[in-house]
Structure formats: structure tokens, C-alpha cells
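*Asks:* Okay, handing you the structure first.
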Amino acid sequence: MSKDKCKNYHISIEYWGGEIVTRYSEYHQTIRMFKNVDKYGDARVVVSSSSWYEMEHTIKQGCSEYYLMLCNGELLNIGVIDKSVDIDNEFGDECVVLRISNFENMNY
């Protein structure tokens, strides 16, 4: 499995197991990460956002996903951002780019 080489983000959240809850009061956002083995299998972690209501995203073991957290409380799943892109100029300084990685059961 190759490691993600993209370094273009503001905050990195690494999932290593269990359940994680992060709160960003300035962005009106709560992000929860947990396992749902019955629904998604053992190799995926579920990402849930307070802005998504019932919607969930999953991240495969050993992979990373990128999200744009807007100041109005939205969280958008975006693709990998090339490291040559100035994310503050591209997206503005009123948002945060998150990289969420699933490293559960991996030895780094």
C-alpha cells in the first residue's frame, strides 16, 4: 500500500481505531469517526458530520480523504489537492482543508 504523498491541507485527522469526535466551534462543525462492521466491513471507517444529517462517508484502510470545512458549517468531500495549489488563495481563508486518514491496524 502506498502512502498518500499529498501535503496540501490545514488539519490532519488520523484514525487508529475506536471512536473519535472532533468539534470545531468556529466552523459550527462536529465530525465523528467510528466503525460499522455490519454495514461497511472491517476495512472501512465511517465519517459523519453534523452538517450531513443522515449521510455518511467511508474511508478505506490505508487511504485518506480530503474535506473542505466552510465557515457556514458545511463539510464538503473534495478530491486530492495538488501540492502546487495555494489552498488559501484557491478556497479562501474562511475555510479549512481537512485530511482524514484511516490507519487502523497499520504499522507506521
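*Asks:* Would you kindly derive the ³J(HN,Hα) couplings of segment 97-102 from the backbone phi angles with the Karplus curve 6.51 cos²θ - 1.76 cosθ + 1.60 (θ = phi - 60°), listing them in order in whole Hz, with x for Gly and Pro?
*Replies:* My calculation for segment 97-102 gives 9, 9, 10, 10, 10, 10 Hz in order.
*Asks:* Continuing with the same structure: Roughly how big is segment 11-102's charge dipole about its Cα centre, with Cβ charges of +1 (Lys, Arg) and -1 (Asp, Glu), in debye to the nearest 20?
*Replies:* For this selection, approximately 440 debye.
*Asks:* Starting from 0.36 nm per residue, how many nanometres of slack lie between Asp88 and Lys60 once their C-alpha separation is accounted for?
*Replies:* That pair, Asp88 and Lys60, stretches by 7.3 nm at full extension.
*Asks:* Of all beta bridges DSSP finds with both residues in the chain, what is the antiparallel percent, to the nearest 5?
*Replies:* 85
*Asks:* Output wanted: per-residue J couplings in Hz (rounded whole) for segment 9-22, from phi through Karplus 6.51 cos²θ - 1.76 cosθ + 1.60, θ = phi - 60°, x for Gly and Pro.
*Replies:* 7, 8, 10, 10, 10, 10, 8, 10, x, x, 10, 10, 10, 10
*Asks:* Also: Of all the C-alpha pairs in the chain, what % are more than 18 Å from each other?
*Replies:* 48
*Asks:* ³J(HN,Hα) across segment 60-71 via Karplus (A = 6.51, B = -1.76, C = 1.60, θ = phi - 60°), whole Hz, x for Gly/Pro?
*Replies:* Taking θ as phi minus 60°, the curve returns 5, 4, x, 10, 10, 10, 10, 10, 10, 9, 8, 5 Hz for segment 60-71.
Since every read-out is calculated from the coordinates, none of them should be taken as a lab result. Predicted model, so just to flag it, every value in this text is computed and none were measured. Cβ atoms come from the backbone with ideal geometry, glycine included; neighbour counts cover every protein chain shown.
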